[in-house]
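Okay, structure first, notes after.
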Amino acid sequence: QVQLVESGGGLVQAGGSLRLSCAASGRSFSTYAMGWFRQAPGKEREFVASINWSGSSTYYAASVKGRFTISRDNAKNTVSLQMNSLKPEDTSVYYCASTTNGSYRAYQGDYEYWGQGTRVTVSS
């Protein structure tokens, strides 16, 4: 069993920044790729970013590329999402997730474990 706990959400003005963190426990963190997803009110959950097991490869949704950066610290069992130049349309609950293998993935079905989410609200 894997436990994922997100933190760092909050209220920020458009153009501002937030850094989300996800602490993992329960299995060998450095073996598996990790990802961030988000779900806005009334919408389906969507992919945001993913990072492979070592942190050497990343992949982003087009809507966040160039503004968000995913990173991981395998020594601390954490994965982070640095969000810059935030827009009101980034308002969502953000979820951390762990895949079933080491390569980054954008498909939700490839993710085995999910956190409870942290809310991000961007005001205009």
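The values are calculated or read from the model by the stated rules, or taken from the named source; none is laboratory data. Bear in mind that the values here come from a model prediction, so they are computed numbers and not experimental data. Don't worry about glycine lacking a Cβ; one is built from the backbone with ideal geometry, like all the others, and counts go over all protein chains shown. Just the protein is used for accessible areas: all its heavy atoms, side chains included, with ligands, DNA and RNA removed. Shrake-Rupley method; radii C 1.70, N 1.55, O 1.52, S 1.80 Å.
Computed from phi, the 3J(HN,Hα) profile of region 35-44 under the Karplus parametrisation 6.51, -1.76, 1.60 (θ = phi - 60°) reads x, 10, 10, 8, 9, 8, x, x, 10, 7 Hz, with x in place of Gly and Pro. Derived scalar couplings between HN and Hα for region 50-64 equal 9, 9, 6, 4, 8, x, 7, 10, 9, 8, 10, 5, 4, 5, 10 Hz in order, rounded to whole Hz, by the Karplus curve 6.51 cos²θ - 1.76 cosθ + 1.60 (θ = phi - 60°), x for Gly and Pro.
Placing pseudo-labels 7 Å out from each Cα toward the beta carbon at ASN101 and LYS65 gives an inter-label distance of 2.2 nm.
The figure for ARG45 is an accessible area of roughly 70 square angstrom, using a 1.4 Å probe on the protein chains alone.
Solvent-accessible surface of the chain, averaged per residue with a 1.4 angstrom probe and all protein chains in place: 50 square angstrom.
Charge tally around PHE29: other residues with Cβ under 11 Å, Lys/Arg +1 each, Asp/Glu -1 each, net +2. Taking Cβ atoms as reference points and 14 Å as the exclusive limit, the residues near TYR107 contribute a net charge of -2, counting Lys and Arg as +1 and Asp and Glu as -1. Residue-wise HN-Hα couplings along region 15-30, as the Karplus relation 6.51 cos²θ - 1.76 cosθ + 1.60 with θ = phi - 60° gives them from phi, are x, x, 10, 9, 10, 8, 10, 9, 9, 10, 8, x, 7, 5, 4, 6 Hz; Gly and Pro carry x.
Ranked by accessible surface with a 1.4 Å probe, highest first, in what order do GLU44, GLU112, GLU6 come?
Solvent-accessible surface, decreasing: GLU44, GLU112, GLU6.
With each label modelled as a point 7 angstrom along the Cα→C-beta vector, the ARG119-GLN13 pair spans 2.2 nm.
Split the accessible area of the chain by element, probe 1.4 Å, and carbon with sulfur accounts for 45%.
From largest to smallest, the equivalent ellipsoid semi-axes obtained for the chain from the alpha-carbon gyration tensor read 23, 14, 13 Å.
Which value, in debye to the nearest 20, gives the size of the charge dipole of region 19-117 about its Cα centre, when Lys and Arg are +1 and Asp and Glu are -1 at the Cβ?
For region 19-117, the charge dipole is close to 180 debye.
Amide H contacts under 5 Å for GLY117: GLU6, CYS96, restricted to partners 5 or more places along the chain or on a different chain, H placed in the peptide plane at 1.01 Å from N.
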